[in-house]
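Read through the structure below, which is laid out as structure tokens, and then see the notes.
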Amino acid sequence: MKDSLQKKKTTDIQSQDGLDLSRAILVTVLTPDCDEVEVQQGLDELAQLAESLGIDVCEKVTQRRKSFSPRLLMGPGKILEIAEHAKSIGAGLLLFDRALSPPQFRNLEKETCLKVLDRTGLILEIFHRQAKTNAARTQVEIARLEYMLPRMVGAWTHFGRQSGGGATNRGMGEKQIEVDRRRAREKISRLKKRLEQIHKDRENQRKSRARELKVALVGYSNSGKSTLMHELTDAEVVIEDKLFASLDAKVHTLDPRAKPRLLLIDTVGFIRKLPHSLIESFRSTLDETRSADLLVHVVDASDEQYKEHMETTVSTLERIGAGDIPVLLVLNKLDQIEDPVFSKVLKGSYAKAVLMSARDPKDVQTLKERVQDFFTRELSLHKVRIAMRDGEALARVYQSAMVLSQVEMTEEEAFELEIQGTGPAIARLQRLDSLVWLNGKETKDESKEKAKEESVKPLEGP
């Protein structure tokens, strides 16, 4: 049963209008202002994205041009040549590594009589397949509809116009495309309202975790974050060797014995040219990253493009407002690096990073200790006094910090506590008017700034 379901998922785009969409030709354009290596890397990554959907990449085609054609992106002669070759090898799909405008979509499909997708459309299709939860499905559906809305023109011309005017049949009525676009806008509006409620629910969940320490695993897609989550917490997570294997943020406890609790969050992976619409749609998921006390930036060090992946992750973090959170760099998949010299170069260049393999229990334990050491360094020691009758404040202290000692002051009808906590946790307790601080305060901003100075700068190295 499971195999049949998996087969259905990978074959339901294989036939449309008699075209075999399981076979594709990848297309891109190289202009003088483009970096040839980056263009080729983008094409290789497009192939990975296609293969994650079960699409067989038959060939990759690059045309050198002085500029992009506003009508077809590339020359009409080259387009016809590609179309004829695609039909001769049974490929029904053209995948472009460039963003195509709605007119370019229409013109290309009209000229080639083939199905056309650009990078954004392919990523949206992957997200649509991988979305499992209500939140992820809602977010992806909004992004897909907004993407398709301007591309609907001409898609329903065979329907003509709806007849209108009732029995008297006055007027030509409404074009089917106009009906479809109106319905799409209405659906987007309904989905956005549903998503706002999801945002509110997620925000309430985050507030309930506000007293706990949060570590977010971030990085390029397929860098090994989910594997690390499993090895660090024994949590059941989806682990697949492909881009965007999981879309939803998953939260698990790193060490149940620790006080306050240390939560580990596995977030959606990043990728170059990540569509802006997806970043906007996945706001609630990305909010988990913004609320973290520490970011563990996971990098696939065995990938030849690891530096570009690091840069993409850093720029995306800045783009979503998480650029000022302390970072611990993890160079993962060290076991897949065949050149021992390169491994030594990495160790020398990224002295503060954790070089590891998520499959090695010793390396996993080292990472866990580094994360715990980070918070130990950030922990500050304080003495506070709380009235015995203020049970709520006492409970908040025990939830937010480690209580090292508690002394009952009978005459004062109060407790004196020696506590240890992170800057953010102490800052939250300082907002309680009923606490009397006996040895000064350290503000949240001071603590975060100190922690940031000690964190790894992720773009050092070769």
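The values are calculated or read from the model by the stated rules, or taken from the named source; none is laboratory data. Keep in mind that what you see is a predicted model, and the values were worked out from it rather than measured. Methodologically, a virtual Cβ is constructed for each residue, glycine included, from the backbone with ideal geometry; neighbour enumeration extends over all protein chains shown.
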Can you run down the residue pairs with Cβ atoms below 8 Å, 6 or more apart or on separate chains, where the first is in the stretch 143-161 and of a type in the set (Gly, Ala, Ser) and the partner is modelled with pLDDT under 75? Ala143/Pro275; Ala143/Ser277; Ala143/Leu278; Ala143/Glu280; Ala143/Ser281; Gly160/Lys175
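May I ask you to verify whether Leu26 is closer than 24 Å to Pro150 by Cα and in contact with a strand residue (DSSP E or B) (Cβ under 6 Å, 6 or more places away or on another chain)? Before the answer, list the steps.
Values: closer than 24 Å to Pro150 by Cα: yes; in contact with a strand residue (DSSP E or B) (Cβ under 6 Å, 6 or more places away or on another chain): yes.
Considered against the rule, which asks whether it is closer than 24 Å to Pro150 by Cα and in contact with a strand residue (DSSP E or B) (Cβ under 6 Å, 6 or more places away or on another chain), Leu26 comes out as yes.
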Report, ordered by the first and then the second residue, all pairs with beta carbons closer than 7 Å, sequence separation of six or more or different chains, a first member in the stretch 338-350 that is assigned by TED's automatic domain parsing to the domain that holds Asp303 and within 13 Å of Ser302 (Cα to Cα), and a second member that is at pLDDT 90 or above and part of a helix (DSSP H, G or I). Ser343/Leu334
If you scan the stretch 56-67, which residues turn out to be of a type outside the set (Lys, Arg) and either in contact with a helix residue (DSSP H, G or I) (Cβ under 9 Å, 6 or more places away or on another chain) or at pLDDT 95 or above (or both)? Asp56, Val57, Cys58, Glu59, Val61, Thr62, Gln63
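Results for (1) more than 34 Å from the chain's Cα centre (by Cα); (2) crowded, with 16+ Cβ neighbours inside 10 Å; (3) in a loop (DSSP other than H, G, I, E, B); (4) not assigned by TED's automatic domain parsing to the domain that holds Thr233, shown as yes or no for each residue.
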{"site": "Arg359", "(1), (2), (3), (4)": "no, no, yes, no"}
{"site": "Lys362", "(1), (2), (3), (4)": "no, no, no, no"}
{"site": "Leu367", "(1), (2), (3), (4)": "no, yes, no, no"}
{"site": "His382", "(1), (2), (3), (4)": "yes, yes, no, yes"}
{"site": "Phe415", "(1), (2), (3), (4)": "yes, yes, no, yes"}
{"site": "Ala427", "(1), (2), (3), (4)": "no, yes, no, yes"}
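If we keep just the residues of the stretch 9-21 that are within 26 Å of the chain's Cα centre (by Cα) and either outside any loop (DSSP other than H, G, I, E, B) or not charged (D, E, K, R) (or both), which is modelled with the highest pLDDT?
Quick first cut of the stretch 9-21, residues within 26 Å of the chain's Cα centre (by Cα) only: 9-13.
Filter again for either outside any loop (DSSP other than H, G, I, E, B) or not charged (D, E, K, R) (or both), leaving 9-11, 13.
Numbers: Lys9: 42, Thr10: 42, Thr11: 41, Ile13: 50.
Within the stretch 9-21, the match that is modelled with the highest pLDDT is Ile13.
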Ser447 fails exactly one of the following numbered conditions: (1) assigned to a helix (DSSP H, G or I); (2) surrounded by 17 or more Cβ atoms within 10 Å (Cβ to Cβ); (3) modelled with pLDDT of 90 or more. What is the number of that condition? (3)
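Of everything in the stretch 359-389, what is charged (D, E, K, R) and in contact with a Phe, Trp or Tyr (Cβ under 9 Å, 6 or more places away or on another chain)? Give them in sequence order. Let's see the steps before the verdict.
In the first step, residues of the stretch 359-389 are kept if they are charged (D, E, K, R); the result is 359-360, 362-363, 368-370, 373, 377-378, 383, 385, 389.
Passing the criteria: Lys383, Arg385.
Take the residues in the stretch 293-309 that are hydrophobic (A, V, I, L, M, F, W, C) and under 29 Å from Leu379 (Cα atoms); name whichever of them is farthest from the chain's Cα centre (by Cα). Spell out how you get there, then give the answer.
Start the filter on the stretch 293-309 by keeping residues that are hydrophobic (A, V, I, L, M, F, W, C), which leaves 294-296, 298-299, 301.
Checking the rest, the ones that are also under 29 Å from Leu379 (Cα atoms) come to 294-296, 298-299.
Values: Leu294: 17, Leu295: 13, Val296: 14, Val298: 13, Val299: 14 Å.
For the stretch 293-309, the residue satisfying everything is Leu294.
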Of everything in the stretch 133-146, what is over 16 Å from Glu178 (Cα atoms) and in contact with a helix residue (DSSP H, G or I) (Cβ under 9 Å, 6 or more places away or on another chain)? Give them in sequence order. Asn134, Ala135, Ala136, Arg137, Thr138, Gln139, Val140, Glu141, Ile142, Ala143, Arg144
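Answer yes if at least one residue in the stretch 97-106 is among the aromatic types (Phe, Trp, Tyr), closer than 29 Å to Gly42 by Cα, within 28 Å of the chain's Cα centre (by Cα) and at pLDDT below 90, and no otherwise.
Taking the stretch 97-106 and keeping what is among the aromatic types (Phe, Trp, Tyr), we get 105.
Applying the additional criterion that residues be closer than 29 Å to Gly42 by Cα yields 105.
Subset that is within 28 Å of the chain's Cα centre (by Cα): 105.
Within this subset, residues satisfying the condition of being at pLDDT below 90 are none.
For the stretch 97-106, residues among the aromatic types (Phe, Trp, Tyr), closer than 29 Å to Gly42 by Cα, within 28 Å of the chain's Cα centre (by Cα) and at pLDDT below 90: absent.
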Mind listing just one residue for me: the one in the stretch 326-357 that is assigned to a loop (DSSP other than H, G, I, E, B) and farther than 21 Å from Asp293 by Cα and, of those, nearest to the chain's Cα centre (by Cα)? Lys333
Of the criteria (1) within 20 Å of Leu213 (Cα to Cα); (2) modelled with pLDDT under 90; (3) not charged (D, E, K, R), which one Gly391 fails: (1)
Test: Val354 is among the aliphatic types (A, V, I, L, M) and in contact with a helix residue (DSSP H, G or I) (Cβ under 9 Å, 6 or more places away or on another chain): yes
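Kindly evaluate Glu111 against the criterion of being touching a Pro at 6+ places or on another chain (Cβ under 9 Å), part of a helix (DSSP H, G or I), on the phi < 0 side of the Ramachandran plot and charged (D, E, K, R). Steps first, please.
Values: touching a Pro at 6+ places or on another chain (Cβ under 9 Å): yes; part of a helix (DSSP H, G or I): yes; on the phi < 0 side of the Ramachandran plot: yes; charged (D, E, K, R): yes.
Against the criterion (touching a Pro at 6+ places or on another chain (Cβ under 9 Å), part of a helix (DSSP H, G or I), on the phi < 0 side of the Ramachandran plot and charged (D, E, K, R)), Glu111 qualifies.
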Residue hits (the stretch 37-83; surrounded by 14 or more Cβ atoms within 10 Å (Cβ to Cβ), basic (Lys, Arg) and in contact with a strand residue (DSSP E or B) (Cβ under 6 Å, 6 or more places away or on another chain)) are Lys60, Arg65, Lys78
Condition met for Ala91 (part of a loop (DSSP other than H, G, I, E, B) and under 18 Å from Leu117 (Cβ atoms)): yes
